[in-house]
Amino acid sequence: MEKKNDKKTLKQEKGKEEKELKKESACSAESGCPGQETEKEGQQAADQDLPEEETGTAEQDGEKKEAEADDTEKRISELEERIAKERDDYIRLMAEFDNFRRRTAQEKLELVSSAAADTIKGLLPVLDDFERAVKALKDSEASDAAREGTELIYNKLMTYLKTKGLAVIESLGKEFDTDLHEAVAQFPVDDAEKKGKVYDVVQTGYTLNGKVIRYAKVVVAI
């Protein structure tokens, strides 16, 4: 009797186990067990949260790149301003140097011209002596050789000085000009056409490169 009951009990327990196994199989095939659904929902929630994190990272990257672009543009603008300033400074410096070079060249030329003018001015009394000597020899009974020799030396000296820019101020018979002449005396004349003109030259005047270096001393007819 007891054996029959044991067999019956074992059979019932075995049946229960089979039912539970079938139930678990059906649960997995149709919609999953309650514990499995909870785990699945958690995974889905994690999957839903993932795009939001990725979107936030993308926005941060975009803001970072935009800030870097702004910094680059600002740097470029600063460099362009610096280049423009340095270019202006360079142009101004070159202009100043060019002006300095021209001014130095002009001063050097003026210095050379001044030195030449001083030298030629120192020779004017020698020319005066030659003029008087030539005139005296013409009015005297000196030999032709002496007169011609003196005139030759005078002419050679004048030819050389003319190459340096020296020129005689032609005065005799010309209208009196205060820019060229210095009146040392007046002489009355009857001829109206001669009045106001140079009647005689006491000392020859000269110009050097168009500039008067000695006024002609003259007698003016009145």
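The values are calculated or read from the model by the stated rules, or taken from the named source; none is laboratory data. Predicted model, so just to flag it, every value in this text is computed and none were measured. Every residue, glycine among them, receives a Cβ derived from its backbone with ideal geometry; neighbour counts consider all protein chains shown.
Listed conditions (1) modelled with pLDDT under 95; (2) not in a loop (DSSP other than H, G, I, E, B) are all met by V218, apart from (1). Determine whether segment 56-69 contains at least one residue that is among the aliphatic types (A, V, I, L, M) and either within 27 Å of the chain's Cα centre (by Cα) or at pLDDT 75 or above (or both). Looking through segment 56-69, at least one residue is among the aliphatic types (A, V, I, L, M) and either within 27 Å of the chain's Cα centre (by Cα) or at pLDDT 75 or above (or both). For the residues L161, L152, the requirement of being in a helix (DSSP H, G or I), touching a helix residue (DSSP H, G or I) at 6+ places or on another chain (Cβ under 7 Å) and farther than 30 Å from K194 by Cβ singles out L161. Residues that are free of Cβ contacts under 8 Å to residues at least 24 places away in the same chain, of a type outside the set (S, T, Y) and surrounded by 10 or more Cβ atoms within 10 Å (Cβ to Cβ): does segment 179-201 have at least one? No, that holds for no residue.
Residue count for segment 197-213, restricted to those that are out of contact with any Phe, Trp or Tyr (no Cβ under 6 Å at 6 or more places or on another chain) and not in a strand (DSSP E or B): 3.
Output the residues belonging to segment 127-149 that are surrounded by 12 or more Cβ atoms within 10 Å (Cβ to Cβ) and under 26 Å from Y215 (Cβ atoms). Hits for segment 127-149 are L127, D128, F130, E131, A133, V134, A136.
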